[in-house]
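These notes concern the structure reproduced below.
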Amino acid sequence: MTARDPLGAPPLRVQRLSLSDSLALAAKGRPPFGALGYGTPNEFAWMPTVDARVLSSAGAMADVWHASEHVESGTTGGVRWRCDGHWMLGAIDLDEAALQEGLTALAQRAYRDLFRSLEASSCTHLLRVWNYLPQINGDGGGLERYRQFNAGRQQAFIDAGQAAFEGAPAACALGIRQGALSIRFLAGRKAPLPIENPRQVSAYHYPKDYGPRAPTFSRAALAEVGGGDVALFISGTASIVGHATVHLGDIVAQTQETLRNLAAVIAAANERTTAVFDLAALDCVAYVRHASDAPAVRRVIEETLGPAAHTLGQAVFLEADVCRQDLLVEIEAHAVARGALRA
Ligand code: 3EB
């Protein structure tokens, strides 16, 4: 875990742990580099939480990230960050009511601060972003709130000179009932290798039917993370073919289509690396719009991948709204495997 990369970067690693195991790990020494908690208490600076109801039986979980031991932390605008000079984890929580701004302006402000925090560090490249918006499908004065968010996000990428189309980071965007606009991100010193899904139109090229500004994310991103390993970050993936939602109202078929999309993204990623990623060996988060659909999603994953699959056993199920009103489920994931990027 602590072996240094020949290039000098301490390796970045991630572990999915129960809340109690992550707290036990932190109690043994200094807090880890950082973590993204799912349904965890909001009291640990190193573990910003995702405020969504956990439906899986293991309860609150965390993805705990490890980097070097020399972690600095600070704030830039609304961004709380932790950085070891090679990797940065950050979190932003902006209260719409307190700031008296619409969601477009709020998203633009959040991303402006995010990019300022990157520019103040040596980690200027976003690898992965997790977005959580209150009432994502709600009306924002004539425009759905997710579409307002997309407008502000894209403008901030353009203003910062960051890749808003090809080369955008991997990302997901989910709806929470209430609270702040909450963004979590991972950045590094090198741009990741973006991966698209041949079954889907790139989200950053979606037609205007889905809002005046397209969503800013790549279907996946590959990054060398030191120690001879590659990380695959898979964005929020759903029952979309081309740019259309398919299987309206059918949770089983939507989950099957989502798994086909995940398999296609993984196949595209495997062409760009010597590492071998596998649909059955992911740390995934499954978001369901209706808590009562969680067992059906679990059953489809089990039928597709088998009962012993890591992707099933380690899955975190959360209740959250998905970015389109007609989507019932969304699955995102990451994995780390031995290998290197292909030239
Ligand atoms: C985002 O950052 C990602 O339009 O294909 C999740 C799942 C998201 C599917 C899609 C978009 C899609 O906006 C949100």
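The values are calculated or read from the model by the stated rules, or taken from the named source; none is laboratory data. Since the model is a prediction, treat every value here as computed from it, not as a measurement. Because the Cβ atoms are built from the backbone with ideal geometry, glycine has one as well, and the counts that use them run over all protein chains shown. Just the protein is used for accessible areas: all its heavy atoms, side chains included, with ligands, DNA and RNA removed. Shrake-Rupley method; radii C 1.70, N 1.55, O 1.52, S 1.80 Å.
Taken together, Ala58, Ala24 contain a single residue that is among the small types (Gly, Ala, Ser) and closer than 30 Å to Asp321 by Cβ, which is Ala58. Here Ala52, Ala58, Ala62, Ala67 are screened, and the one residue that is touching a Leu at 6+ places or on another chain (Cβ under 6 Å) and either closer than 15 Å to Tyr287 by Cβ or open to solvent by 50 Å² or more (accessible area, probe 1.4 Å) (or both) is Ala52. Pairs please, first residue from region 154-183 and at positive phi, second anywhere and away from the ligand (no atom under 14 Å from the Cβ) and of a type outside the set (Ser, Thr, Tyr), Cβ atoms under 6 Å, 6+ apart in sequence or on different chains. Hits for this filter: Gly179/Asp51; Gly179/Pro134. For region 149-181, filtered to residues that are closer than 16 Å to Ala107 by Cα and aromatic (Phe, Trp, Tyr), the residue that is surrounded by the fewest Cβ atoms within 10 Å (Cβ to Cβ) is Phe157.
The single condition among (1) open to solvent by 10 Å² or more (accessible area, probe 1.4 Å); (2) within 11 Å of the ligand (Cβ to nearest atom); (3) among the polar types (S, T, N, Q); (4) under 28 Å from His86 (Cβ atoms) that Ser235 does not satisfy is (1). Checking Val265 against (1) within 14 Å of the ligand (Cβ to nearest atom); (2) of a type outside the set (Phe, Trp, Tyr); (3) in a strand (DSSP E or B); (4) more than 19 Å from Gln108 (Cβ to Cβ), which test does it fail? (3) is the only condition that Val265 fails.
Quick one: count up the residues across region 209-232 that are within 16 Å of the ligand (Cβ to nearest atom) and over 19 Å from Ile136 (Cβ atoms). Number of matching residues: 4. Within region 287-316, residues that are farther than 19 Å from Ala60 by Cα reach no partner that is among the aromatic types (Phe, Trp, Tyr) and open to solvent by 80 Å² or more (accessible area, probe 1.4 Å) with beta carbons closer than 7 Å at six or more positions or on different chains.
Only one entry in Leu143, Leu118, Leu133 is of a type in the set (A, V, I, L, M, F, W, C), near the ligand (Cβ under 10 Å from one of its atoms) and more than 19 Å from Val265 (Cβ to Cβ), namely Leu133.
Mind checking which residues of region 146-172 are touching a Lys or Arg at 6+ places or on another chain (Cβ under 9 Å) and more than 14 Å from the ligand (Cβ to nearest atom)? Residues satisfying the conditions are Gln155, Asp159, Ala160. Here Ala280 meets each of (1) small (Gly, Ala, Ser); (2) farther than 30 Å from Asp209 by Cβ; (3) open to solvent by 10 Å² or more (accessible area, probe 1.4 Å); (4) in a loop (DSSP other than H, G, I, E, B) with one exception, condition (4). Within region 327-338, no residue satisfies the criterion of being over 15 Å from the mean Cα position of the chain (by Cα), more than 9 Å from Gln254 (Cβ to Cβ) and within 15 Å of the ligand (Cβ to nearest atom).
Within region 114-136, being touching a helix residue (DSSP H, G or I) at 6+ places or on another chain (Cβ under 9 Å) and either in a strand (DSSP E or B) or closer than 16 Å to Asp95 by Cβ (or both) holds for His125, Leu126, Val129, Asn131, Leu133, Pro134, Gln135.
Taking the criterion of being out of contact with any Pro (no Cβ under 9 Å at 6 or more places or on another chain) and open to solvent by less than 50 Å² (accessible area, probe 1.4 Å), the residues of region 19-39 that qualify are Gly29, Pro32, Phe33, Tyr38, Gly39. Would you check which residues across region 127-177 are over 17 Å from the mean Cα position of the chain (by Cα), over 11 Å from Cys323 (Cβ atoms) and basic (Lys, Arg) and list them? Matches in region 127-177: Arg177 only.
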